[in-house]
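Everything on this sheet refers to the single structure shown next.
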Amino acid sequence: MMKRILMIAVVAALPACATGTAEPGASAGNVPAPTGDVRTGTAAQMAAGTITAAEMREHVAYLASDALRGRDTPSPGLDSAAAYLAREFARLGLQGGVEGGSFIQQYPLRPRNRMAPNVVAVFPGADPTLRNEYVVLSAHMDHVGVGRPVRGDSIYNGADDDASGTSALLEVAEAFASMPQRPARSILFLAVSGEEKGLLGSAYFSDHPTVPISSIVANVNMDMIGRNTRDTVAVIGKDYSSLGEVVQRVAAENRALIGLVAGDDIWPRERFFTRSDHFNFARKEIPAIFFFAGPHEDYHEPSDEVERLDVDKAARVTRLIFLTTHAVATDPQRPQWTAAGLREVRRVTGGGR
Ligand SMILES: [Zn+2]
């Protein structure tokens with residue numbers, strides 16, 4: 001999640017409460033089930049059961065380790081994160097999404113003598129026609145690197161921001177790869193960099209997509225999915241398109257697997273819709289939603305470490321993301337903006353393409 005600098009620099013001196021650490025509204029009576037084995041259900045529900053807290057912890061522990069030194073853009077630690085993701089996607093049998101079969105899309109930074117990576121992996125769909133359409137799942141693998149020490153710790157690990165979402169991409173890929181049948185549409189997994197420097201990697205990808213931009217039917221973005229109340233995740237932008245109804249239905253039909261309420265954006269003054277990578281897909285008028293478990297006291301601090309993450313919650317958010325993506329990828333209809341949603345998106349993105 002990028003700091004509120006670029007988009008809203010003109011809004012000076014906000015009251016302190018606007019940057020508080022409020023949590024999504026807790027709802028009573030919805031006790032989440034822990035993420036364990038799933039032995040019965042539909043094929044998609046069985047696949048969702050492969051997404052576990054233990055595996056989430058393993059991925060986050062590596063990505064947010066001190067060895068990667070906060071994954072600044074550009075840096076050797078960021079390159080290590082990209083290499084890890086490419087290796088894992090390859091191990092799961094996914095295809096490199098960049099021309100020539102590579103998993104790495106390099107893009108230029110300013111000044112132009114440095115490059116930074118995005119990781120692009122494709123899980124091909126099964127339908128002869130719909131496989132040429134893509135659901136893009138995105139998360140940012142970069143964070144803010146090494147900085148001002150706090151209590152002797154200068155490494156900004158970014159476990160929640162956004163090793164959690166990046167790990168979710170791997171777990172969703174594994175769930176799809178475990179299924180006996182592929183969905184109709186293809187899934188494109190996109191781990192971007194440069195998010196913390198102004199959504200750079202997703203801006204580059206959306207301007208230089210590796211598949212035709214018109215073939216991207218939806219973007220599902222995840223950034224900071226492992227903190228705050230156990231039973232709620234905010235789904236930012238859910239009222240703007242038909243994607244919101246899909247999330248609500250999936251959450252309601254899979255309470256035992258997921259145990260989460262798809263919550264509203266309760267921080268409108270923070271303008272979170274403009275502050276992560278789905279923004280660049282919305283800018284292209286591609287229906288987009290953003291899974292976000294909310295801000296907290298370790299946001300952009302060296303203390304955003306794996307030990308503070310609720311990996312069980314992160315795994316259940318990831319199950320919700322997987323089942324939502326599966327539903328979108330198998331629905332003959334493309335997701336659609338609502339009329340009011342598209343008006344609002346055009347307003348906040350400055351008018352689209
Ligand atoms: Zn951030």
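The values are calculated or read from the model by the stated rules, or taken from the named source; none is laboratory data. These numbers were taken from a predicted model, which means no experiment stands behind them. Glycine also receives a Cβ, built like all others from the backbone with ideal geometry; neighbour counts cover every protein chain displayed.
Listing for the model above:
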| item | result |
| --- | --- |
| Any chance F279 is within 19 Å of V317 (Cβ to Cβ), buried (at least 23 other Cβ atoms within 10 Å of the Cβ) and at pLDDT 95 or above | no |
| Segment 212-224: number of residues that are of a type outside the set (D, E), in a loop (DSSP other than H, G, I, E, B) and within 16 Å of the ligand (Cβ to nearest atom) | 1 |
| Test: residue in segment 171-179 that is within 16 Å of the ligand (Cβ to nearest atom) and touching a helix residue (DSSP H, G or I) at 6+ places or on another chain (Cβ under 6 Å) | no |
| Scope segment 41-65; condition closer than 22 Å to E307 by Cα and surrounded by 23 or more Cβ atoms within 10 Å (Cβ to Cβ); matching residues | I51, M56, H59, V60, L63, A64 |
| Criterion (at pLDDT 95 or above and in contact with an Asp or Glu (Cβ under 6 Å, 6 or more places away or on another chain)) met by exactly one of G263, G201, G226 | G226 |
| Verdict on V192 being crowded, with 24+ Cβ neighbours inside 10 Å and more than 19 Å from P295 (Cβ to Cβ) | yes |
| Pair list, Cβ under 6 Å, 6 or more apart: segment 39-57 residue part of a helix (DSSP H, G or I), other residue of a type in the set (S, T, N, Q) | A47/S178; A53/T35; M56/S167 |
| Enumeration of residues in segment 66-82 that are within 23 Å of A315 (Cα to Cα) and surrounded by 18 or more Cβ atoms within 10 Å (Cβ to Cβ) | L68, G70, R71, A81, A82 |
| Residue count for segment 126-178, restricted to those that are in contact with a Ser or Thr (Cβ under 7 Å, 6 or more places away or on another chain) and among the aromatic types (F, W, Y) | 1 |
| Residues that are within 13 Å of the ligand (Cβ to nearest atom) and acidic (D, E), drawn from segment 182-211 | E195, E196 |
| Output for segment 126-163, where each listed residue is within 26 Å of the chain's Cα centre (by Cα), away from the ligand (no atom under 13 Å from the Cβ) and not in a loop (DSSP other than H, G, I, E, B) | L130, R131, N132, Y134, V135, V136, L137, S138, V146, S154, I155 |
| Which numbered condition S242 fails, given (1) over 25 Å from T52 (Cα atoms); (2) surrounded by fewer than 16 Cβ atoms within 10 Å (Cβ to Cβ) | (2) |
